[in-house]
Amino acid sequence: MLKPDVQVALQSGQRRLSAKLTDSQSNTTVEVKGLPHDSIVIKADCFKGPFAVFKKGLNIRKRADFVIVSNDERGNKWIICIETKGGNKTRAKIAAQLKGAKCFISYCKCIGKSFWESEEFLDGYEYRFVGITDLNFNRNRRQTQPFDPAGELHNRPNIFKKLPQRSTVHFSKLIHP
């Protein structure tokens, strides 16, 4: 379904795979280690929003940088939407980009079900949302909604897991609270 140039090449490791997620806009690279063998990593921001259809506003034309679709050895199915930018990104802007990535996957799901006539295409996957970024919050304003509360499941774009910018992250860290 997807062209090779929108997929991130997987690298062989000792027993697991890894992928280097490079965001050319912010010039950052994060390596995800420990990927299950049945994984696909997609550059989700290559899918351009329908600018001719949607109005500007609400960030509805945004997309997160990457999506990992994976089936692990235990039979768990994961879709992980990842935003990797740093700088002046607010929590709301990152959440909007993560929502856009989820919409992209929903579109792919529709294509698989309609054109491939595969009624169960991408069914049964659990979503995780992750921001690997440095966020700048106005520290004088009190937050009314928790950002990354300890132990809360990050299965919605508005409650995403925040990981500090670093050069490597393990797959298990992306899926567990």
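Among (1) closer than 20 Å to Pro157 by Cα; (2) of a type outside the set (Val, Ile, Thr); (3) touching a residue at least 40 places away in the same chain (Cβ under 8 Å), there is one condition Gln25 misses while meeting the rest; what is its number?
The number of the failed condition is (1).
Test Ile82 against the criterion of being under 16 Å from the mean Cα position of the chain (by Cα) and modelled with pLDDT under 95, and give yes or no. Spell out the reasoning first.
Values: under 16 Å from the mean Cα position of the chain (by Cα): yes; modelled with pLDDT under 95: no.
When the stated conditions are applied, Ile82 does not pass them.
Could you tell me which of the residues Ile60, Ile79 is touching a strand residue (DSSP E or B) at 6+ places or on another chain (Cβ under 7 Å), under 24 Å from Ile159 (Cα atoms) and of a type in the set (Val, Ile, Thr)?
The unique qualifying residue is Ile79.
Filtering the stretch 76-94 down to residues that are among the polar types (S, T, N, Q) and open to solvent by 10 Å² or more (accessible area, probe 1.4 Å), which residue is nearest to Phe121 (Cα to Cα)? Spell out how you get there, then give the answer.
Applying the first criterion (among the polar types (S, T, N, Q)) to the stretch 76-94 yields 76, 84, 88, 90.
Now restrict to residues that are open to solvent by 10 Å² or more (accessible area, probe 1.4 Å): 76, 88, 90.
Values: Asn76: 15, Asn88: 37, Thr90: 34 Å.
Taking the candidates together, the pick is Asn76.
Could we say that Ser26 is of a type outside the set (Val, Ile, Thr) and more than 16 Å from Ser106 (Cα to Cα) here?
It is true that Ser26 is of a type outside the set (Val, Ile, Thr) and more than 16 Å from Ser106 (Cα to Cα).
Could you check the stretch 61-112 and list, in sequence order, the residues that are assigned to a helix (DSSP H, G or I), among the basic types (Lys, Arg) and free of Cβ contacts under 8 Å to residues at least 24 places away in the same chain?
Lys109
Considering only residues of the stretch 123-159 that are modelled with pLDDT under 75 and hydrophobic (A, V, I, L, M, F, W, C), which is surrounded by the most Cβ atoms within 10 Å (Cβ to Cβ)? Please lay out each step first, then the result.
Narrowing the stretch 123-159 to residues modelled with pLDDT under 75: 134-151.
Narrowing the set further to residues that are hydrophobic (A, V, I, L, M, F, W, C) leaves 135, 137, 147, 150.
Working: Leu135: 18, Phe137: 10, Phe147: 15, Ala150: 6.
Result: Leu135.
Restricted to the stretch 49-75, and to residues that are among the hydrophobic types (A, V, I, L, M, F, W, C) and surrounded by fewer than 17 Cβ atoms within 10 Å (Cβ to Cβ), which residue is nearest to Lys20 (Cα to Cα)?
The qualifying residue nearest to Lys20 (Cα to Cα) is Ile60.
Any residue that is at pLDDT 90 or above, open to solvent by 60 Å² or more (accessible area, probe 1.4 Å) and in contact with a helix residue (DSSP H, G or I) (Cβ under 6 Å, 6 or more places away or on another chain) - is there at least one of those in the stretch 18-35?
No.
The values are calculated or read from the model by the stated rules, or taken from the named source; none is laboratory data. None of the values given here were measured: they were computed from a predicted structure. Every residue, glycine as well, gets a Cβ built from its backbone with ideal geometry; the counts of neighbours run over all protein chains shown. For accessibility, only protein heavy atoms count, side chains too; no ligands or nucleic acids. Shrake-Rupley method; radii C 1.70, N 1.55, O 1.52, S 1.80 Å.
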